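Heads up, the thing below is written out as structure tokens.
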Amino acid sequence: MLPYATSVHLKTTIAGADGQKEKADWKRLLTMLGQSGYKGYVGLEYEQDDSAAQVPHLAAELPTVARSLSA
């Protein structure tokens, strides 16, 4: 489906095989987007209760991860 994607929202956590929440592997996901030729925006989706405290840090982390893959 990636070659047809027009919008992407990365979550910070996902449900693992055991149903427990774990940190999303942004490097793997962004690599998949790059390999598919995706050229659009990547939004940050954060669903935790402490969003006011975490979102600025996560918003700064996302472009850092993306830049590390484009070097």
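The values are calculated or read from the model by the stated rules, or taken from the named source; none is laboratory data. The model shown is predicted, which means the values in this text are computed figures rather than measured ones. We place every Cβ from the backbone using ideal geometry, glycine too, and count neighbours over all the protein chains shown.
General remarks:
- Test: residue in the stretch 58-71 that is over 13 Å from the mean Cα position of the chain (by Cα) and not in a helix (DSSP H, G or I): yes
- Pair list, Cβ under 8 Å, 6 or more apart: the stretch 43-62 residue touching a residue at least 24 places away in the same chain (Cβ under 8 Å), other residue of a type in the set (G, A, S): G43/S7; L44/A59
- Every residue from the stretch 2-16 that is part of a loop (DSSP other than H, G, I, E, B) and either touching a helix residue (DSSP H, G or I) at 6+ places or on another chain (Cβ under 7 Å) or at pLDDT below 90 (or both): T12, G16
- Filter result (under 21 Å from Y4 (Cβ atoms) and either of a type in the set (S, T, Y) or touching a His at 6+ places or on another chain (Cβ under 7 Å) (or both)) within the stretch 38-62: Y38, Y41, G43, E45
- Pairing residues of the stretch 23-37 that are within 8 Å of L2 (Cβ to Cβ) with residues that are surrounded by 14 or more Cβ atoms within 10 Å (Cβ to Cβ) and of a type outside the set (G, A, S), at Cβ distances under 8 Å and at least 6 apart in sequence or on separate chains, gives L33/V8; L33/V42.
- Where S7 falls short, out of the listed (1) of a type outside the set (D, E); (2) without any contact (Cβ under 8 Å) to a residue 24 or more places away in the chain; (3) surrounded by fewer than 13 Cβ atoms within 10 Å (Cβ to Cβ): (2)
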